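Working notes, beginning with the structure itself.
FYI, it's all coordinate maths here, none of it is from the lab. It should be emphasised that the depicted structure is a prediction, and the values quoted were computed from it without experimental measurement. Neighbour counts are summed over all protein chains in view; Cβ atoms, including those assigned to glycine, are modelled from backbone coordinates with ideal geometry.
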Amino acid sequence: MSAFGLMDYAQHVLWPGRPDLRGLRVLDAGCGTGHTAATIAHDHPEVEVVGIDLSETSLAAARACADELGVGSNLKLQRLAIEDAGALEGRFDYIIASGVLHHLADPDAGLHSLADLLSPTGGFGILLYATYGRHPIYMVQDLFGRLSGGEPLEARVSLARKLLGAWPETHPFRAKDWLDLSWDGDAGLVDLLLHSRDRSYTVPEILALLDGAGLRLERFYDPVAYAPAAYTTDPDVATVVSSLPAAEQATIAELLHGAMRTHMFFATRASYLPVHIAPEGLVLMALRPKRSPVFDWEGAKRAKGDKRPLVVRRHAFDPSPGGVELSPWKVLVIGHCNGGRTAEAIFTTPEVLAGVPGTTLEEKLESYGRFMEQMATFGMLLFDM
């Protein structure tokens, strides 16, 4: 399932005050084989899901996926181009465009078509190719275009496989480094290296794309990846960067990272601004923390009694590397963060209160509050009202 299919995260970002998802309408534009659309419809029967794609083969696979999951009547699949999405009835609260706009002949027109379907308080989940990290890909695409650009696809695929089989070891492109490259069939190879339409974006180009469609960037899927502090801790640099607008800071972070392959972000209409309460100080204690799906909590599990620090890494679908190391008492606190209780209620839980370091209640509260604020800054915990 696409990262944008995690509806609890979308709800937190786009509708922080919404108690549930009843009545929500979701459009998966370019749904492909339908796993995301079918999973959302299965996990949230109270949500209406529509999936569109231009490929009848993909839609057949999507229907099979829905049947396998036992999805009900809340999922509708339709053969339709994104540019013709205006033919759909009604508006949508959540539109997923993951990995499709950059393959359109005119991405701006495609986004305009989808934006016209967005409800006043709706939001987008968008994935676009990133320019700097895909530089090796574009070299290879140029190479194959020069060698076999005018040949039938079957001949192009054959030549590409032969050339990649004797690939120069010094070349920046490494096939095994690209998770979307499927060597079992031709689809992954064609999509990655032989696609006729492949447009990538930098952060400023994303902002321009959104602005042209009357949209605004609400949040990158992993905000920490777009924070310069994630890549440099020099105090003089931090002073300079902190004075810059948020958009410029994100641009600088992309340049410091240097190898982002995709951009994942949420966007809304320019007129809609979701209200989020900053999780700081006493306000934080009144909010309900929950673990962010950006991180691989399941993969971080360990054997009972193991006292070593736990390393929680980001999911494979996230564009940034690395993980966060948590000591045993922090793991204990995190285990109670499921969105059901306030930070204050968690703190007063006997086992948590006993586990937080400090000899006095004040010292424990200071340690606990500092940790929770760090988790909010790292994006590991999401705080809701």
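Arrange the peptides 352-363, 39-50, 203-214 so that the one whose residues have, on average, the most other Cβ atoms within 10 Å appears first. Can you show the working numbers first?
Working: 352-363: 12.7, 39-50: 20.4, 203-214: 17.2.
Highest to lowest by the protection proxy: 39-50, 203-214, 352-363.
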Roughly speaking, what is the stretch gain from LEU282 to ASP234, that is 0.36 nm per residue apart minus the C-alpha to C-alpha distance, in nm to one decimal? 14.3 nm
Restricting things to alpha carbons, tell me how big region 281-384 is in terms of Rg and Dmax, in Å. 13.5, 42
Got a sec? Which residues in region 2-33 would a label at ASN338 touch, if it sits 7 Å along Cα→Cβ and we count backbone N under 11 Å? none
Peptides ranked, highest mean first, by Cβ atoms within 10 Å: ranges 54-61, 288-295: 288-295, 54-61
Please report the Cα spread of region 122-204 along all three principal axes, rounded to whole Å, starting with the longest. 46, 29, 25
Let's test the formula: R0 of 25 Å, r as the Cβ-Cβ distance of TRP178 and GLU154. What FRET efficiency results, to the nearest 0.05? 0.70
Only four residue types carry charge here, +1 at the Cβ of Lys and Arg and -1 at the Cβ of Asp and Glu. Report the dipole size of region 281-384 about the Cα centre in Debye, rounded to the nearest 20. 360
Quick check: Cα centre of region 314-385 to Cα centre of region 254-299, how many Å? 16
Would you mind giving the average projected area, over all directions, of the Cα convex hull of region 33-187 in nm² with one decimal? 11.4
Viscosity 1.306 mPa s, temperature 10 °C, Stokes-Einstein D of the chain from Kirkwood C-alpha radius, µm²/s: 69
